[in-house]
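Asks: Encoded as structure tokens, here's the structure I'll be asking about.
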Amino acid sequence: PSLDLLVKLDSETGFALGGNKVRKLEFELAPERLKGVTCIITAGGPQSNHCRVTAAAAAQLGLRCVLIVNGSEPETPTGNALLHRLFGAEIVTVPERQDRIAHLESTAVRIGTEGGHPLVIPIGASTGLGSLGYVVASAELFNQLGTLKSSPERTVVFVASSSCGTLAGLLLGISLLELDDVLLVGVSADMSAIEIEERSTQIAREGADLLGWNGTLLTESITAIDDQVGGGYGLSTAASDEALRMFALHEGLVLDPTYTAKAAAGLISWMRTDMVSERDRVVFLHTGGHPGLLT
């Protein structure tokens with residue numbers, strides 16, 4: 001079908017090259033959480049957008065930052081790996097992705113015994129608290145959409161998903177706003193569709209508890225797809241490469257190979273298979289990640 005595509009540019013959130021992690025960290029690093037804190041600890045991949053923004057925020061706040069990163073130390077850091085160091089973070093490397101959580105905990109203990117006061121931010125800031133950034137974003141998005149002169153049967157929002165905090169916040173947001181004509185499509189960067197849906201719902205419930213809200217989550221309004229995962233996290237596919245080129249050539253929009261190119265590939269696949277129609281309003285939530293392209 002021929003569709004008008006709307007793009008929400010959270011790639012332009014304006015701090016440390018932007019992206020969705022900025023919204024989540026506004027809550028995770030709220031002033032009341034930082035009283036007495038001397039060090040921020042978090043974890044991610046060698047090209048982690050979350051680590052980039054966390055390191056920049058810690059630097060701005062005058063706090064020490066330790067990043068637990070899987071993989072070997074690069075000879076010449078590029079992309080986000082370069083920015084992690086530019087923002088002054090201390091890098092602790094671990095062999096595998098599954099090693100990161102244990103090292104988060106042990107690093108916090110070590111810094112505590114040294115007399116420091118660490119704050120641990122979970123991977124991706126994908127917690128009930130962090131998801132509130134996308135509760136706010138959902139209100140912002142649908143307020144913007146409300147100014148448009150259109151009456152779609154439904155609004156379909158495509159967003160990349162991995163640690164699930166963004167999708168969870170959107171789910172909680174549309175539930176609070178009672179928007180039952182919205183479909184949220186989480187395009188997985190690495191996990192199975194059922195893992196994405198279950199994790200997003202869990203985080204959304206945690207966010208609802210923080211707000212003291214006991215309403216009904218619109219869980220039927222969320223669907224995850226995992227047909228763009230390919231070889232796994234950080235590994236592009238023919239479809240995501242095509243999507244990356246299409247968005248660049250036709251719209252001047254830069255995607256990244258890990259997240260947004262896969263999300264765009266999922267959107268294109270739905271368009272080509274008539275999963276969306278002219279009666280739908282289609283929104284692509286661009287979650288940033290530009291430095292990942294420059295590696």
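The values are calculated or read from the model by the stated rules, or taken from the named source; none is laboratory data. Values in this document were obtained by computation on a predicted structure and should not be read as measured data. Note that each Cβ is placed from the backbone with ideal geometry, even for glycine, and that neighbours are counted across all protein chains shown.
Asks: Within segment 111-145, how many residues turn out to be more than 26 Å from Ser221 (Cβ to Cβ) and surrounded by 15 or more Cβ atoms within 10 Å (Cβ to Cβ)? Outline the logic, then answer.
Replies: Quick first cut of segment 111-145, residues more than 26 Å from Ser221 (Cβ to Cβ) only: 111-121.
Subsequent filtering for residues that are surrounded by 15 or more Cβ atoms within 10 Å (Cβ to Cβ) retains 111, 116, 118-121.
Final tally of qualifying residues: 6.
Asks: Another question about this same structure. I'd like to verify a number: residues in segment 86-108 that are of a type in the set (A, V, I, L, M) and under 22 Å from Leu61 (Cα atoms), how many? Step through it out loud before you land on a result.
Replies: Taking segment 86-108 as the starting set, the residues that turn out to be of a type in the set (A, V, I, L, M) are 86, 89, 91-92, 94, 101-102, 104, 108.
Applying the additional criterion that residues be under 22 Å from Leu61 (Cα atoms) yields 86, 89, 91-92, 104, 108.
Number satisfying all stated conditions: 6.
Asks: Give segment 1-39 a look and list any residue that's assigned to a loop (DSSP other than H, G, I, E, B), of a type in the set (S, T, N, Q) and farther than 19 Å from Ala89 by Cα, or say none.
Replies: Ser2, Thr13
Asks: For segment 204-221, give me each residue that is touching a Gly at 6+ places or on another chain (Cβ under 9 Å) and more than 12 Å from Gly173 (Cα to Cα).
Replies: Glu206, Asp209, Leu210
Asks: Shifting gears a bit: Go through Val282, Val229 for me and flag whichever is in the same structural domain as Tyr134 (by TED's automatic domain parsing), under 23 Å from Gly44 (Cα atoms), among the β-branched types (Val, Ile, Thr) and not in a helix (DSSP H, G or I).
Replies: On the way: Val282 fails: under 23 Å from Gly44 (Cα atoms).
Exactly one residue qualifies, and that residue is Val229.
Asks: Next question. Can you give me the ranges of the helices (runs of 4 or more DSSP H) entirely in segment 50-159 with at least 2 residues that are closer than 26 Å to Leu210 by Cα and either of a type in the set (A, V, I, L, M) or touching a strand residue (DSSP E or B) at 6+ places or on another chain (Cβ under 8 Å) (or both)? Working first, answer last.
Replies: Working: elements: 79-86, 100-113, 128-145.
By residue number, 100-113, 128-145.
Asks: Next question, about the same structure. Of all the residues that make up segment 207-222, how many are part of a loop (DSSP other than H, G, I, E, B) and of a type in the set (Ser, Thr, Tyr)? Working first, answer last.
Replies: First, the residues of segment 207-222 that are part of a loop (DSSP other than H, G, I, E, B): 212-218.
Now restrict to residues that are of a type in the set (Ser, Thr, Tyr): 216.
Residues that pass the stated criteria total 1.
Asks: If a residue must be farther than 30 Å from Phe284 by Cα and free of Cβ contacts under 8 Å to residues at least 24 places away in the same chain, how many such residues does segment 17-71 contain?
Replies: Within segment 17-71, residues that are farther than 30 Å from Phe284 by Cα and free of Cβ contacts under 8 Å to residues at least 24 places away in the same chain number 5.
Asks: Cβ-Cβ distance below 9 Å, separation of 6 or more or different chains: which pairs start in segment 166-186 with a residue that is outside the structural domain of Ile196 (by TED's automatic domain parsing) and end on one that is polar (S, T, N, Q) and not in a loop (DSSP other than H, G, I, E, B)?
Replies: Every condition considered, no pair remains.
Asks: For Pro152, only one of the following conditions fails: (1) assigned by TED's automatic domain parsing to the domain that holds Pro257; (2) more than 24 Å from Met275 (Cβ to Cβ); (3) surrounded by fewer than 19 Cβ atoms within 10 Å (Cβ to Cβ). What is its number?
Replies: (2)
Asks: Another question, then. Might you check whether a residue that is under 16 Å from Leu141 (Cβ atoms) and surrounded by 24 or more Cβ atoms within 10 Å (Cβ to Cβ) occurs anywhere in segment 189-198? Reasoning before the result, please.
Replies: As a first pass, look at segment 189-198 and keep what is under 16 Å from Leu141 (Cβ atoms): none.
Within segment 189-198, none of the residues are under 16 Å from Leu141 (Cβ atoms) and surrounded by 24 or more Cβ atoms within 10 Å (Cβ to Cβ).
Asks: Does any residue in segment 250-261 that is outside any loop (DSSP other than H, G, I, E, B) come within less than 8 Å, Cβ to Cβ, of a residue that is buried (at least 17 other Cβ atoms within 10 Å of the Cβ) and small (Gly, Ala, Ser) six or more places away or on a different chain, and which pairs are these?
Replies: Thr260/Ser11; Thr260/Ala160; Thr260/Gly288; Thr260/Gly289; Ala261/Ser236; Ala261/Ser240; Ala261/Ala243
Asks: For segment 16-44, which positions are among the acidic types (Asp, Glu) and within 23 Å of Arg97 (Cβ to Cβ)? Can you show your working first?
Replies: Of all residues in segment 16-44, those among the acidic types (Asp, Glu) come to 26, 28, 32.
Hit for segment 16-44 is Glu28, nothing else.
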